[in-house]
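*Asks:* Here it is: the structure, laid out below.
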Amino acid sequence: MLQQELLRLALFIASQGHGTYEGETLTCTLPDSQRRISTLLAMCAGQSFEFLLRLAKQRGIPVRDAYPIARSAVESFVNASYLLAESDAVAERAIKYAEFAAWRHHNRKFGSGEFSIEIQSDPDPAATLYSKFPEFAGKGNGSWTNLDVPSRIRRVGELTGRKAGSRLLGAYGLIYSLSSEVIHGSPFGASFFYSAHLQGEHTTEAFVAGTVRQLEEILIALLHAGCGYLAAFFEKQKIHSAVRAEEKLFNRLMSLSTKPAADFPFPLPH
């Protein structure tokens, strides 16, 4: 919840241009395109985070649905950080991509062989593509960025500092590939969800306790991602008081996440 409050401060500063923190006036200095698109993505990530905090009360089978939401939040924080770290031109392409993707959604073909469907709302999609969206025409140009997620994280670290890059990388390592297995319904994804942390106990109680552990791991990944975005946002603009606040928050996260369960006052539910 402390992290969510700091995120709300960042979003408020970005949307209103300035805000107050511990008696100091903080001003957003991001160029307009970077401010608009990175704030949109960070807001989406924060909304997903808020929902996952509620979902964290669940136990057992419903926990599986936390993985796709967590993956979306983490990747949204990565993309928000990347777009505020890069140039305004990169952000402008991302904004243009949103318009292009909305058009493409109604002018596309999907499927394989005879099991294919073509959707077309534009009488001449090829002409529209080259006249209205030329930057996305041609092989390999149909996305808002050609960098994969690790490369985006690297760029955040290079442009805003090692703290932001390392926090986002930690989140990526904790959730990205595992959530892909679960989201895509792979055999490993299903097996992992039902068997992780059982420690040889094939009982309902052990399964429920294992899902609590999975939720803990998901939340730690989210906290890493959120701290990564906050570090990128405040470091990029040299808002030092908020940088220090994020560092204290992250240090607290690391301290809590390495403690054994016995150190906490509330027992795990059975």
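The values are calculated or read from the model by the stated rules, or taken from the named source; none is laboratory data. Bear in mind that the values here come from a model prediction, so they are computed numbers and not experimental data. Neighbour counts run over all protein chains shown; Cβ positions are idealised from the backbone, glycine included.
*Asks:* Take Arg71 and decide whether it is more than 14 Å from the chain's Cα centre (by Cα), in contact (Cβ under 8 Å) with a residue 60 or more places away in the chain and more than 16 Å from Leu7 (Cα to Cα).
*Replies:* no
*Asks:* Just one of the numbered conditions (1) of a type in the set (A, V, I, L, M); (2) farther than 20 Å from Arg252 by Cβ; (3) under 17 Å from the mean Cα position of the chain (by Cα) is not true of Ala14; which one?
*Replies:* The failed condition is (3).
*Asks:* If Phe115 meets every condition in (1) surrounded by fewer than 14 Cβ atoms within 10 Å (Cβ to Cβ); (2) closer than 24 Å to Val149 by Cβ; (3) of a type in the set (A, V, I, L, M, F, W, C) apart from one, which number is that one?
*Replies:* Of (1) surrounded by fewer than 14 Cβ atoms within 10 Å (Cβ to Cβ); (2) closer than 24 Å to Val149 by Cβ; (3) of a type in the set (A, V, I, L, M, F, W, C), only one is false for Phe115: (2).
*Asks:* Find all pairs meeting these conditions: Cβ atoms under 7 angstrom apart; at least six residues apart or on different chains; first residue within segment 27-45 and closer than 19 Å to Ala242 by Cα and modelled with pLDDT under 95; second residue among the polar types (S, T, N, Q) and outside any helix (DSSP H, G or I).
*Replies:* Cys28/Gln237; Thr29/Gln237; Leu30/Gln237
*Asks:* Tell me, yes or no, whether segment 250-266 has at least one residue that is out of contact with any Ser or Thr (no Cβ under 6 Å at 6 or more places or on another chain) and crowded, with 16+ Cβ neighbours inside 10 Å.
*Replies:* Looking for residues that are out of contact with any Ser or Thr (no Cβ under 6 Å at 6 or more places or on another chain) and crowded, with 16+ Cβ neighbours inside 10 Å, one finds at least one in segment 250-266, hence yes.
*Asks:* A further question on this structure: Just to be sure, is Arg104 touching a Phe, Trp or Tyr at 6+ places or on another chain (Cβ under 9 Å) and among the charged types (D, E, K, R)?
*Replies:* Working: touching a Phe, Trp or Tyr at 6+ places or on another chain (Cβ under 9 Å): yes; among the charged types (D, E, K, R): yes.
Against the criterion (touching a Phe, Trp or Tyr at 6+ places or on another chain (Cβ under 9 Å) and among the charged types (D, E, K, R)), Arg104 qualifies.
*Asks:* Condition (residue is within 23 Å of Ile153 (Cα to Cα), without any contact (Cβ under 8 Å) to a residue 12 or more places away in the chain and not in a loop (DSSP other than H, G, I, E, B)) applied to segment 226-246: is it met by at least one residue?
*Replies:* For segment 226-246, residues within 23 Å of Ile153 (Cα to Cα), without any contact (Cβ under 8 Å) to a residue 12 or more places away in the chain and not in a loop (DSSP other than H, G, I, E, B): present.
*Asks:* Write out, first by first residue and then by second, each pair whose Cβ atoms fall under 6 Å of each other, whose residues are 6+ apart or on separate chains, and whose first residue, in segment 199-218, is among the hydroxyl-bearing types (Ser, Thr, Tyr) while the second is not in a helix (DSSP H, G or I).
*Replies:* That search, which allows pairs on different chains as well, returns Thr211/Arg59; Thr211/Gly60.
*Asks:* I need a count of the residues in segment 122-134 that are under 32 Å from the mean Cα position of the chain (by Cα) and part of a loop (DSSP other than H, G, I, E, B).
*Replies:* 1
*Asks:* Just to be sure I understand, how many residues within segment 13-53 are within 30 Å of Asp65 (Cα to Cα) and crowded, with 16+ Cβ neighbours inside 10 Å? Steps first, answer last, please.
*Replies:* Step one: list which residues in segment 13-53 are within 30 Å of Asp65 (Cα to Cα), which gives 36-53.
Those still in the list that are crowded, with 16+ Cβ neighbours inside 10 Å too: 36-46, 48-49, 52.
So the count comes out to 14.
*Asks:* Of everything in segment 214-270, what is of a type in the set (A, V, I, L, M, F, W, C), modelled with pLDDT of 80 or more and farther than 21 Å from Tyr172 by Cα? Give them in sequence order.
*Replies:* Ile239, Ala242, Val243, Ala245
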